[in-house]
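Novice: After the structure tokens below, expect a handful of questions from me.
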Amino acid sequence: MRYTYTAVITPGEKKCYVRVPDIPGCVTTGRDVEDAIEQITDALNGCLVVWEDQGLPIPTAAAQKDIPHDTADILTLIRVDTIAYRAKTDTRAVRKNVSLPAWMAAMAEQRGINCSKVLQDALVRQLS
């Protein structure tokens, strides 16, 4: 699933603190603003993957004008794609038995088609 939330970056002397107010507990730090954006993107993906897996309701993103922040804070949009994140971070293979008509399995084998790859590609398209 794709989501867009606002992150609030608070620059500090030695590092930046960053949070996504709409997602409780989604906080991290970065060496600078650029690193803070990278870190909060990863943290937001991780939080939302856990929420999806636990069946928790995903909050609607608040409008930036409604997010409390200090004048020194930087507000930035963070876009994440939990399906792409899962594909990148959870590469465990899980065996699934599927049934195919005999003629289809034979033709796929003759043509060197990897049925697992075809199924994976189709599922990625279907889940996106």
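Novice: If one computes the Cα centroid of the stretch 87-123 and of the stretch 21-49, what distance in Å separates the two points?
Specialist: After rounding, the separation between the Cα centres reads 35 Å.
Novice: Scan the stretch 1-70 for GluC sites (Glu not before Pro) in coil per DSSP, keeping those whose Cβ has at most 13 other Cβ atoms within 10 Å, and list them by number.
Specialist: Glu13
Novice: Hey, got the Cα dimensions of the chain along the principal axes, in Å, largest first?
Specialist: Each principal axis gives a Cα extent; for the chain these are 67, 29, 20 Å.
Novice: Sticking with this structure for a sec: Return the single residue from Asn114, Asn45, Asn97 with maximal mean-square fluctuation; model: Gaussian network over the chain, springs between Cα atoms under 10 Å.
Specialist: Between Asn114, Asn45, Asn97, it is Asn97 that shows the largest mean-square fluctuation.
Novice: Give me the extension gain from Arg95 to Ala62: residue separation times 0.36 nm, minus the current Cα-Cα distance, reported in nm with one decimal.
Specialist: 7.8 nm
Novice: A further question follows. Kindly write out, for the stretch 62-73 in residue order, the coupling ³J(HN,Hα) from the Karplus curve 6.51 cos²θ - 1.76 cosθ + 1.60 (θ = phi - 60°), rounded to whole Hz, with x marking Gly and Pro.
Specialist: Whole-Hz 3J(HN,Hα) from phi for the stretch 62-73: 6, 5, 4, 5, 9, 8, x, 7, 7, 5, 7, 6.
Novice: Just to be sure I understand: with springs between alpha-carbon atoms less than 10 Å apart, which residue in Arg92, Arg19, Arg111 has the highest mean-square fluctuation in the Gaussian network model of the chain?
Specialist: With Cα springs under 10 Å in the chain, the top fluctuation among Arg92, Arg19, Arg111 is at Arg111.
Novice: Sticking with this one: Can you give the FRET efficiency to the nearest 0.05 for Val50 and Ile113, using r as the Cβ-Cβ distance and R₀ = 30 Å?
Specialist: In this case the efficiency is close to 0.25.
Novice: When the helix-only estimate is applied to the chain (DSSP H runs of n ≥ 4, each -39,500 (n - 2.57), divided by the residue count), what is the mean residue ellipticity at 222 nm, nearest 500 deg cm²/dmol?
Specialist: Rounded to the nearest 500, it is -12500 deg cm²/dmol.
Read the figures in this text as sums done on the coordinates, not as results from a lab. From a predicted model like this one, the values you see are computed outputs, not experimental measurements. Neighbour counts are summed over all protein chains in view; Cβ atoms, including those assigned to glycine, are modelled from backbone coordinates with ideal geometry.
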